[in-house]
1. Which ³J(HN,Hα) values in Hz, rounded to whole numbers, follow from the phi angles of the range 103-117 under the Karplus curve 6.51 cos²θ - 1.76 cosθ + 1.60, where θ = phi - 60° and Gly and Pro get x?
2. Heavy atoms of the protein only, probe of 1.4 Å, neighbouring chains included. What is the accessible area of R168 in Å², nearest 10?
3. Bin all alpha-carbon pair distances of the range 30-76 at 5 Å intervals from 0 and give each bin's fraction as a whole percent.
4. Cα to Cα, under 12 Å, and not fewer than 8 places away if on the same chain: which aspartates and glutamates meet these conditions relative to K111?
5. Output the direction-averaged projected area (hull surface divided by four) of the convex hull of the alpha-carbon atoms of the range 55-167, in nm².
6. Could you work out the mean projected area of the convex hull around the alpha carbons of the chain, in square nanometres to one decimal?
7. Excluding ligands, DNA and RNA, what is the solvent-accessible area per residue of the range 172-224 at a probe of 1.4 Å, expressed in Å²?
8. Using θ = phi - 60° and the Karplus relation 6.51 cos²θ - 1.76 cosθ + 1.60, list the HN-Hα couplings for the range 54-69 in order, rounded to whole Hz, with x at every Gly or Pro.
Amino acid sequence: MSWTFVVHVHTRRSFDSLTRADALVRHAVRLGIDVLAVTDHDTWQGAVDTLGEVSRTNAPLRVVIASEFATDQGDLIGLFLRDDLRIRSARGFCDAVHEQGGLVLLPHPYKWHRLDEALLERVDFIEVFNARTSRADNARAADLARQRGARALVGPDAHRLGEVGLARNEYDGAVPADEAALKRALLDQTPRFHTAPASGWDEWRSQGVRFLKQPDFGRAWTLARGALRRVIKPGAYRLG
């Protein structure tokens with residue numbers, strides 16, 4: 001017997017995703033996911049929407065209320081949130097998550113982060129595989145977790161339904177009965193990882209969604225240039 005946990009998934013509440021909560025719930029159930037942490041950019045609203053859809057349909061899916069917040073040292077994911085935190089200080093964000101009984105995941109640590117000891121000592125998990133991150137940076141993240149003896153998780157960084165199944169954490173036993181047991185399992189058990197890289201076009205697609213939501217000339221130029229680069233040098237965008 002085992003259960004699966006997928007963390008780092010976005011919905012239309014993020015500026016770069018169009019995924020609806022109802023579609024996400026149906027897809028997660030089809031994939032056999034037991035516990036899902038929805039982590040929209042700078043808001044917990046996508047997780048709240050998803051939990052509401054689970055309650056409405058009585059779907060066999062547990063939802064962790066979470067968000068991926070852009071702090072002054074890079075993105076951090078707060079799990080098991082009791083409040084929609086908006087704290088730009090990385091240290092302050094971690095402390096606030098812990099004060100409300102939550103846990104902190106450091107996602108893709110070598111993409112746009114300024115790491116220091118004060119931050120690293122405050123995170124509970126390090127994302128050692130991100131489906132949208134280069135193989136080299138994922139390897140560096142895994143090395144960081146090993147060097148620090150840190151708990152590790154993998155994440156799909158899914159901005160569309162097709163990416164949700166790219167990274168799963170599998171645990172032995174039955175699905176924990178309540179939130180407290182779920183936290184203990186994540187902190188105490190070592191999961192098996194199941195991973196696959198995203199397409200080199202997935203980040204481009206997300207930027208396209210952002211352009212649709214927030215159109216401007218500079219973003220249009222970035223999209224055109226990114227598409228041309230992917231056509232000319234597809235190998236440069238090989239992930240995993």
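The values are calculated or read from the model by the stated rules, or taken from the named source; none is laboratory data. Note that the structure is predicted; figures quoted are calculated from it, not measured. Cβ: placed from backbone, ideal geometry, glycine included. Neighbour counts: every protein chain shown. Keep in mind that these areas ignore ligands, DNA and RNA; they rest on the heavy atoms of the full protein, side chains included. Shrake-Rupley method; radii C 1.70, N 1.55, O 1.52, S 1.80 Å.
1. These are the phi-based 3J(HN,Hα) values: 10, 10, 10, 8, x, 5, x, 10, 10, 6, 10, 10, 8, 8, 4 Hz.
2. R168 has an accessible surface of roughly 70 Å² with all protein chains in place.
3. 5, 23, 23, 21, 13, 8, 4, 2
4. Straight-line reach from K111, under 12 Å: D75, E127, D137.
5. Reported value for the Cα convex hull: 7.8 nm².
6. For the chain, the mean projected area of the Cα convex hull comes to 12.5 nm².
7. Using a 1.4 Å probe on heavy atoms only, each residue of the range 172-224 averages 61 Å².
8. After applying 6.51 cos²θ - 1.76 cosθ + 1.60, I find 4, 5, 5, 9, 6, 6, x, 8, 8, 10, 9, 6, 7, 7, 10, 9 Hz.
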